Structure formats: C-alpha cells, structure tokens
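Enquirer: Have a look at this one.
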Amino acid sequence: MSESSSPPRALQQSGIFSSRVIEDIQTKAESGIYQIRGYGTLRERRWATFDDLTFLPCSLTRIPLEGYREKCSTKTVLGTRFAEKPIELDIPIMITGMSWGALSYNAKVALAKGASEIGSSNTTGDGGMLAAEREHSKTLIYEVLPSRYGINVHHMQMSDGIELTIGQGAKPGTGGLLLETKVSDAISKQRELPVGVDQRSPARHPDMLGPDDMVIKIEELREATNWQVPIFVKLGASRVYDDVKLAAKAGADVVVVDGMEGGTGASPAIFQDHTGIPTLAAVCEARAALEDMGLYGKVQLIIAGGIRDGVDAAKAMALGADAIYIGTAALIALNCNRPLYVDDYHKLGTEPHFCHHCHTGQCPVGVTTQDPELMKRLPIDEAAERVTNLLRAMTLEIQMLARSCGKSDVHHLEPEDMAALTPEASVICKVPLAGTRRVWGS
Amino acid sequence: MAELICEERTIREINADIRRLLKEGEAITVRSPGARHNLGVALLASGEVVFDGSVGYYCAGLMDGATVRIKGSAGWGLAESMLSGEVIVEGNAGNSAGAAIRGGALVVQGDSGARTGVSMKNGLIIVSGSCGYMSGFMGQGGKMIIGGDTAEAFGDSMYETICFVGGEIADLGNDAILAESSDEDKQFLDTSLARYLPASLRANLPDAAGFKKVVSGRKLWNFKKSEWKTWEQAL
Ligand SMILES: Cc1cc2nc3c(=O)[nH]c(=O)nc-3n(C[C@H](O)[C@H](O)[C@H](O)COP(=O)(O)O)c2cc1C
Ligand code: SF4
C-alpha cells in the first residue's frame, strides 16, 4: 500500500444535517412515527438559565449571617389562601408527581420515605395513588390529571393537597405516554387499561375545557375534600403570565409552573425540545402575574423544571418561587444514570450519564421499569436514604446562600440578591447586568 | 323523608347537610336546586337523594354509593368519576355526563351532550335519547347504551368500553367498529333497559336485536406503522 503524501482531508459536516439530524430522519423513515423518549429536553442550543445569574452576598452594604450555624428558617407553608389546613413542610424542596407506571414501585416508595424523613412532601402522578406511597408519605399531594386513571374520591380525602394538572413542562398541550413494556399486569389493573397497550393519555380534562369551567372544578375538588386541603393548579410553561392569572383567578391556592426543562417518563421528543418556555423565564412571568393581581404572597408559587441543586432552587426562590419541585434530580439520587449494570445501558444503545431511555421500561437501575428483576436493583431503604440526603444537601445549599445574603429565612431571598451574567438574563429577570448598574431592556 | 331548601344557602352548607342526613339514613329531597353547580358532590353513603329541579355542573360528581335522582336537567360532568351508586336524570344532561366513571349506573332519560362517557373506566351509562359529539371518547371499560342517535366521532379511540346504539350513528370515531351482538349482549340490553328506564321511554326504543354494537377496532392500542392511515388522523 502506498502512503499518501498529502495531509488528511478535514471532514466537514453540514451544520443543518448534523449526525443527530441524519439519525433522526433515518429513524423516522424506518418507524413511520415521531420519536418518543423520556428524561427531558436534549436540546443543545443554549437558552437563558439559572446559570446566567449569580448571587451578590453581603460585604459592606449588608451584613451576612454566620454561614454554618446561624438560624435560617426553611419552613414552607403552602395553601394559605382558602384551605383550612395549609401544607407545612420543613424544607422548600418537594418531590414532584411521577406516576407509578412511569416509575417502579420501589422508586415510588423510596421517594415517599426519603421525602418524609426530612419533612418534605411527595406527589402521586398519572396513575392514581399507591397504598404504600400514602402509607410512607408524611405529606402527600394527589394529582387529578386529564386521564383520571385510578381516580378515587377516598384517596383524595386521604391526601394533604390536590393538584389539578393542566399540563407539564416537558409537553405542554399534550398528554402523557406509557409504552407497552410498562403497562404490566399491575399497572393495567391500576389504570383499567388492557395489558400491553401503548397508553396515550388525553391532553384535555374529560369534564372541563377553559378557565371558566375550572372555577367550578376547583370548587368541586374543595367540596370533595371538605375545604380542608389546598388546591394546586399545575401548568406547563407556555403563556405563563396569562395562564397563572387565570389559575389564580379560578381560585387556586397554589400555582405550579413547570418549565421547558421539565422531566418526563415518555413524551414525543419534539415536545421536549421545541415547546414551552424555560424555567427561568417562567418563574419571572409567574411572579409578575401574581404581583399584577395583588396575589403575590397570597397564592403560593411552586417552580419545577430542570432544577439540579440548591443553587438553582435558591435562584428560583429569589425570583419569586415559594417552593421547588424536583423530579429528575430525585431520580438521579435514586441511581438514574449511575454507572452500575453498564452492560444493560449498552443493551439500550447508551452509556451511564447519557441515558434518557425511561420510555423503554428497561431502566438498568430499576427506577423507571415495571420489570420485577430490574426493580430489585433498587433496594427501597437505601434509595430512600439517598433521596433524604439529596434533599438535605440542597436545603443546606439554599441556606448557605441565604445566610450569605443576610437572610434569616430562605423565603426572604429576593431578586436584589442577584446580578445577571448575560443581557438576556437581565432582561428576563429584571436584575442588573453584572458590571453595569442597569437592568437591560427597561 | 328529610327536606332541604337550597335558597340563600351556600353549596358547602347544602352538601354538608346532604352528607349528614345520608349518614343518618334519611332519604332526602333537595328543593329549589336552581341549576347550581356542585350539588351532591362526594356523596359517600348509600341512600336516596332527590333534586327537585335542574342542577348545574358536576352534580353527584366523585360519588360512591348514593342513589341520586334529578327531576330536571343536569349541567356538565354529571356523576363524573363516580365509583358506585346510581344517578338518574329525568331531563337532559350537558357535556361529559359520566366522564371517567369507574362504576355505578348513570341514566339520562332525555338527551346527553358531547363527550358522554368520555374516559369511562367501568360502570354503565344509559341515555334514552341521543348523545352529542365524541361520546365514548377513550372509553376504557364498562358499557354505554344510547337509545337514540349519536353525533359524529362516536366511540373514538376506545379501549374496552362496549357501546350499543338504538338509533342512527352519525359517524364512527377513529378505530370504532361495528360488531355483532351476542345473545348475552341482547339479554344484557333487555335487563338493563327494563331495570333503568320506565316503560314509556322503552316504548320509543327498538328491541334488543335492533341495537348496533360498537367496540374498539384495537388498531390504536399500539403504535404500528402498518396502521399508519388510522394514526394519521388520530395522532
Ligand atoms: C419519570 C417521570 C414521570 C413523570 N410523571 C408525571 C406524572 O405522572 N404527572 C405529572 O404531572 N408530571 C409527571 N412528570 C413531570 C414532573 O412532575 C415534573 O413536572 C418534572 O419532572 C419537573 O422537572 P425535573 O424532572 O427537571 O425536575 C414526570 C416526570 C418524570 C421524570
Ligand atoms: S437510568 Fe433509568 S431512570 Fe435514568 S434515564 Fe435511564 S432509564 Fe431513565
């Protein structure tokens, strides 16, 4: 073989038809349908996130609290508007609604136990309530979703809050999916569906359409729970300003806004990547809506979608959130994407840290599966302890930041405690761009 | 028989009284319901409640066990998510009657609106007259009997609900198909209609053999590219 003397030709790829695009087109050409996956957006293009903000701790203008010891309250109260028994939590981080079906039994129970241990809450999901999750949840929020799988008034009455879900951040405007491998005997019984169907949940509630109906629906839920517990309304972040106003006007005690980065068990990929607005933008619009109605502080705001740590949570709280829901981060604490059973990640065509294959039902670490053998890989008590630890560490992170900003309560964090690192974040969050004393765009 | 008068009382007060009286074993007549919303929500004891007039949205919603009779018409979401019991409306029912019910029986002696029986999971719905657009949508189980005609998209995207229609079907929804009624089906129709509809209304209906049976074609149960033509419309 003769050796070429010319230098190797540099490979050049189309910026439009990248490897990913080629793979996407060829997969669709084989299957004839859009791509479905779990986890959340894999979109590569950058958008404004909490990373575009930085805290401005005290120096001379303000006095910090002692970082590791001075009291800094994390107590969180939700549902003070109409409910007779508002929810009281020891920390502001809560476990979001993830269905038994999307998640394994072990994962559901571990989340319930882990959250309860540290005085947080757990939420049911699109499949009704699991008896063990009630048993192990100190505080349980019951979701009422468009599908109404497993809807049961007795379970509602055993709950500490009701969440009327209008949409999710990963897929606003469309229903959830649970593919056949996860519609096991137990799940089909729970949801009253044939075993092994590719379950597609509806997008609209069966008995209400717009916000006017929702006023009556909320009253119905209050009647069913004797006006005791708070009613949450959960929205996928879309037209957040208007939607939050409508939810608050309809009588919600608590509004949940789930941003574009929100996780999912299975949804069309295009929804995860190309619908909704980012969590950072969503929290700002939601706060503005409540302020403009004079309801800020009266209707509590929970923010979800891509919250990774106490830093994201603290920034969301400084921008206006009363509490934070986490989903994916809690699953990662359970072991999602951990380099265990690596061969099984390979079988799915992926690697630890790259997995987003919750939709397959073949979760290598037993979190998002109904396969009893895979589920055994997630021992409940150890997993619960990791959830507790994550919630504790995140809370400590929030407290540290709050103390450094001179706050004796994490809920006292405010936009003034931050500067923006990009003009976009300055425009969106209405905080000055670092290095200037100017809020851009105002 | 206890009597409750709605006028000038809040829904919360009215419902609290209904629940208390039901628990005490009283049969109740609720006077002047005034088409108000959320009357008789979450009735969780057996016993009889009569609404002496029309009711609004979600009457008898989230119910488990009571027998409710409405001597008038009902608004949206009548008996939604019922677990067990009986709801009989002598007039018409608005949209989404019997939405997501998991048991019990809902009987509409007049007509019912759009999405009757939407997402029903079990139980029985009988409409003596006609039903509106997209009735039976995503029905997961149970049975629905429509004495009269159906509007368009009947039985769209169902799982295992079985429907019977005495009149004309304007249009079958995605994946809804006609099936042959068995002798068992005919017997079920005879006994259900005899049990729940007065003779005067039964007289307008065909006999059991004259009812069409509508079930799921099961082509939308799983994603298959061979059935793409159906998916094209349904997705
Ligand atoms: C595996 C999984 C299952 C989910 N199931 C539900 C559900 O049943 N109902 C619901 O409202 N949201 C569901 N979600 C969305 C979450 O409640 C939440 O909005 C989202 O996960 C928040 O984003 P994060 O995962 O980035 O924290 C699910 C999310 C995941 C990851
Ligand atoms: S490891 Fe399991 S939970 Fe995590 S992304 Fe993969 S399949 Fe989903």
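Enquirer: Restricting attention to the stretch A:225-239, report how many residues are under 12 Å from B:Arg12 (Cβ atoms) and crowded, with 24+ Cβ neighbours inside 10 Å.
Expert: 1
Enquirer: Considering only residues that are out of contact with any Asp or Glu (no Cβ under 9 Å at 6 or more places or on another chain) and assigned to a loop (DSSP other than H, G, I, E, B), look in the stretch A:428-440 and name the one that is surrounded by the most Cβ atoms within 10 Å (Cβ to Cβ).
Expert: Keep residues of the stretch A:428-440 that are out of contact with any Asp or Glu (no Cβ under 9 Å at 6 or more places or on another chain), which gives A:430, A:432-439.
Those still in the list that are assigned to a loop (DSSP other than H, G, I, E, B) too: A:430, A:432, A:434-439.
Values: A:Lys430: 17, A:Pro432: 19, A:Ala434: 16, A:Gly435: 9, A:Thr436: 12, A:Arg437: 8, A:Arg438: 11, A:Val439: 15.
Top of the filtered list is A:Pro432.
Enquirer: Moving to a separate point now. When A:Asp322 is evaluated against the numbered criteria (1) surrounded by fewer than 24 Cβ atoms within 10 Å (Cβ to Cβ); (2) out of contact with any Ser or Thr (no Cβ under 9 Å at 6 or more places or on another chain), which criterion, by number, is the only one it fails?
Expert: With respect to (1) surrounded by fewer than 24 Cβ atoms within 10 Å (Cβ to Cβ); (2) out of contact with any Ser or Thr (no Cβ under 9 Å at 6 or more places or on another chain), A:Asp322 is out only on (2).
Enquirer: Could you list all residues from the stretch A:135-175 that are away from chain B (no Cβ under 13 Å), within 25 Å of A:Lys113 (Cβ to Cβ) and either of a type outside the set (Ser, Thr, Tyr) or within 13 Å of ligand 1 (Cβ to nearest atom) (or both)?
Expert: Within the stretch A:135-175, A:Glu135, A:His136, A:Lys138, A:Leu140, A:Ile141, A:Glu143, A:Asp160, A:Gly161, A:Glu163, A:Thr165, A:Gln168 meet the criteria.
Enquirer: Only one of B:Gly166, B:Gly139 is more than 27 Å from A:Gly150 (Cα to Cα) and touching a Phe, Trp or Tyr at 6+ places or on another chain (Cβ under 8 Å); which?
Expert: Working: B:Gly139 fails: more than 27 Å from A:Gly150 (Cα to Cα).
Going through B:Gly166, B:Gly139 in turn, the sole match is B:Gly166.
Enquirer: Go through the residues of the stretch A:189-197 one by one and say whether even a single one is farther than 13 Å from A:Asp126 by Cα, acidic (Asp, Glu) and buried (at least 18 other Cβ atoms within 10 Å of the Cβ).
Expert: no
Enquirer: Next up: Test of understanding: among A:Leu340, A:Leu334, which residue is over 17 Å from A:Gly169 (Cα atoms), buried (at least 24 other Cβ atoms within 10 Å of the Cβ) and within 16 Å of ligand 2 (Cβ to nearest atom)?
Expert: Details: A:Leu340 fails: buried (at least 24 other Cβ atoms within 10 Å of the Cβ).
Selected residue: A:Leu334, the only one of A:Leu340, A:Leu334 that is over 17 Å from A:Gly169 (Cα atoms), buried (at least 24 other Cβ atoms within 10 Å of the Cβ) and within 16 Å of ligand 2 (Cβ to nearest atom).
Enquirer: How about the stretch B:114-131: which of its residues are within 14 Å of chain A (Cβ to nearest Cβ) and either buried (at least 22 other Cβ atoms within 10 Å of the Cβ) or part of a strand (DSSP E or B) (or both)?
Expert: The first filter runs over the stretch B:114-131 and keeps only residues within 14 Å of chain A (Cβ to nearest Cβ), leaving B:114-123, B:125.
Matches in the stretch B:114-131: B:Arg115, B:Thr116, B:Gly117, B:Val118, B:Ser119, B:Met120, B:Lys121, B:Gly123, B:Ile125.
Enquirer: Which one is farthest from ligand 1 (Cβ to nearest atom), of the residues in the stretch A:20-64 that are farther than 30 Å from A:Arg200 by Cβ and free of Cβ contacts under 8 Å to residues at least 40 places away in the same chain? Please lay out each step first, then the result.
Expert: So in the stretch A:20-64, the residues farther than 30 Å from A:Arg200 by Cβ come out as A:46, A:48-64.
Remaining after also requiring free of Cβ contacts under 8 Å to residues at least 40 places away in the same chain: A:46, A:59-61.
Values: A:Arg46: 17, A:Ser59: 33, A:Leu60: 37, A:Thr61: 34 Å.
If we take residues in the stretch A:20-64 being farther than 30 Å from A:Arg200 by Cβ and free of Cβ contacts under 8 Å to residues at least 40 places away in the same chain, then A:Leu60 is farthest from ligand 1 (Cβ to nearest atom).
Enquirer: To continue, here is another question. Quick one: is A:Gly125 within 16 Å of ligand 2 (Cβ to nearest atom), away from chain B (no Cβ under 14 Å) and in contact with a Phe, Trp or Tyr (Cβ under 7 Å, 6 or more places away or on another chain)?
Expert: Values: within 16 Å of ligand 2 (Cβ to nearest atom): yes; away from chain B (no Cβ under 14 Å): yes; in contact with a Phe, Trp or Tyr (Cβ under 7 Å, 6 or more places away or on another chain): yes.
So A:Gly125 fits the description; yes.
Enquirer: Let me ask something else about it. Whether any residue in the stretch B:15-34 is closer than 26 Å to B:Tyr133 by Cβ and β-branched (Val, Ile, Thr) is what I want to check.
Expert: First pass over the stretch B:15-34, keeping only residues closer than 26 Å to B:Tyr133 by Cβ: none.
The answer is no, given that none of the residues of the stretch B:15-34 is closer than 26 Å to B:Tyr133 by Cβ and β-branched (Val, Ile, Thr).
Enquirer: Among the residues of the stretch A:192-239, write down those that are more than 8 Å from chain B (Cβ to nearest Cβ), under 30 Å from B:Trp221 (Cα atoms) and either assigned to a loop (DSSP other than H, G, I, E, B) or touching a Pro at 6+ places or on another chain (Cβ under 7 Å) (or both).
Expert: Across the stretch A:192-239, the qualifying residues are A:Val195, A:Ser201, A:Ala203, A:Arg204, A:His205, A:Leu209, A:Gly210, A:Gly236, A:Ala237, A:Ser238.
Enquirer: On to the next question. When you scan the stretch B:78-101, how many residues do you find that are surrounded by 24 or more Cβ atoms within 10 Å (Cβ to Cβ) and out of contact with any Ser or Thr (no Cβ under 9 Å at 6 or more places or on another chain)?
Expert: So the answer is 3.
Enquirer: A follow-up question, please. Do we have any residue at all in the stretch A:330-347 that's more than 30 Å from A:Ile187 (Cα to Cα), away from ligand 1 (no atom under 12 Å from the Cβ) and not in a helix (DSSP H, G or I)? If you could, list the steps in order and put the result at the bottom.
Expert: So the first thing to find is which residues in the stretch A:330-347 are more than 30 Å from A:Ile187 (Cα to Cα), and the list is none.
Taking every residue of the stretch A:330-347 in turn, none turns out to be more than 30 Å from A:Ile187 (Cα to Cα), away from ligand 1 (no atom under 12 Å from the Cβ) and not in a helix (DSSP H, G or I).
Enquirer: While we're on this one: Please give the number of the condition A:Ser404 fails out of (1) away from ligand 2 (no atom under 11 Å from the Cβ); (2) modelled with pLDDT under 95.
Expert: All conditions are met except number (2).
Enquirer: Quick one: in the stretch B:55-108, of everything that is among the charged types (D, E, K, R) and within 12 Å of chain A (Cβ to nearest Cβ), which residue is farthest from B:Lys121 (Cα to Cα)?
Expert: Once the filter is applied, the top-ranked residue is B:Asp64.
Enquirer: Let me ask you something else. Given the condition farther than 30 Å from A:Ala224 by Cα, more than 14 Å from chain B (Cβ to nearest Cβ), among the charged types (D, E, K, R) and touching a residue at least 60 places away in the same chain (Cβ under 8 Å), answer yes or no: does some residue in the stretch A:85-103 qualify?
Expert: Within the stretch A:85-103, none of the residues are farther than 30 Å from A:Ala224 by Cα, more than 14 Å from chain B (Cβ to nearest Cβ), among the charged types (D, E, K, R) and touching a residue at least 60 places away in the same chain (Cβ under 8 Å).
Enquirer: Follow-up. Here are B:Ala74, B:Ala105: which of them is farther than 19 Å from A:Gly128 by Cα, surrounded by 24 or more Cβ atoms within 10 Å (Cβ to Cβ) and not polar (S, T, N, Q)?
Expert: Unique residue meeting the criteria: B:Ala74.
Enquirer: In the set A:Ile16, A:Ile25, which member is part of a helix (DSSP H, G or I) and either surrounded by fewer than 15 Cβ atoms within 10 Å (Cβ to Cβ) or at pLDDT 95 or above (or both)?
Expert: Numbers: A:Ile16 fails: part of a helix (DSSP H, G or I).
Among A:Ile16, A:Ile25, only A:Ile25 is part of a helix (DSSP H, G or I) and either surrounded by fewer than 15 Cβ atoms within 10 Å (Cβ to Cβ) or at pLDDT 95 or above (or both).
Enquirer: A:Ala383 is checked against (1) modelled with pLDDT of 95 or more; (2) within 14 Å of ligand 2 (Cβ to nearest atom); (3) in a loop (DSSP other than H, G, I, E, B) and fails just one. What number does that condition carry?
Expert: That leaves (3) as the condition not met.
Enquirer: Next question. Select from the stretch B:73-89 the residues that are part of a strand (DSSP E or B) and over 20 Å from B:Ser192 (Cα atoms) and list them in ascending order. Break it down into steps so the answer makes sense when it comes.
Expert: The initial filter retains those residues of the stretch B:73-89 that are part of a strand (DSSP E or B), namely B:74, B:84-89.
Hit for the stretch B:73-89 is B:Ala74, nothing else.
Enquirer: Now for a different question. Out of the residues in the stretch A:364-383 that are in contact with a Lys or Arg (Cβ under 9 Å, 6 or more places away or on another chain) and more than 16 Å from ligand 1 (Cβ to nearest atom), state the one that is farthest from the other protein chains (Cβ to nearest Cβ).
Expert: Looking at residues that are in contact with a Lys or Arg (Cβ under 9 Å, 6 or more places away or on another chain) and more than 16 Å from ligand 1 (Cβ to nearest atom), I get A:Asp381.
Enquirer: For the stretch A:22-49, what are the residues that are over 28 Å from A:Ile326 (Cα atoms), β-branched (Val, Ile, Thr) and out of contact with any Leu (no Cβ under 9 Å at 6 or more places or on another chain)? Even if it seems obvious, please write down each step before you answer.
Expert: Step one: of the stretch A:22-49, the residues over 28 Å from A:Ile326 (Cα atoms) are A:22-33.
Checking the rest, the ones that are also β-branched (Val, Ile, Thr) come to A:22, A:25, A:27, A:33.
Of everything in the stretch A:22-49, those that are over 28 Å from A:Ile326 (Cα atoms), β-branched (Val, Ile, Thr) and out of contact with any Leu (no Cβ under 9 Å at 6 or more places or on another chain) turn out to be A:Ile22, A:Ile25, A:Thr27.
Enquirer: B:Arg31 is checked against (1) touching a helix residue (DSSP H, G or I) at 6+ places or on another chain (Cβ under 9 Å); (2) farther than 21 Å from A:Pro206 by Cα; (3) among the charged types (D, E, K, R) and fails just one. What number does that condition carry?
Expert: It is condition (1) that B:Arg31 fails.
Enquirer: Still on this structure, I have one more. Would you check which residues across the stretch A:352-363 are more than 6 Å from ligand 2 (Cβ to nearest atom) and assigned to a loop (DSSP other than H, G, I, E, B) and list them? Steps first, please.
Expert: Initial filter on the stretch A:352-363 (more than 6 Å from ligand 2 (Cβ to nearest atom)): A:352-354, A:359-362.
Residues satisfying the conditions are A:Pro352, A:His353, A:Phe354, A:Gly361, A:Gln362.
Enquirer: Another question, if that's okay. Please go through (1) under 20 Å from the mean Cα position of the chain (by Cα); (2) within 24 Å of A:Ala83 (Cα to Cα) for A:Glu135 and return the number of the only condition it doesn't satisfy.
Expert: The single condition A:Glu135 does not satisfy is (1).
The values are calculated or read from the model by the stated rules, or taken from the named source; none is laboratory data. Source: prediction; values computed, not measured. Glycine gets a Cβ as well: all are built from the backbone with ideal geometry, and neighbour counts include every protein chain shown.
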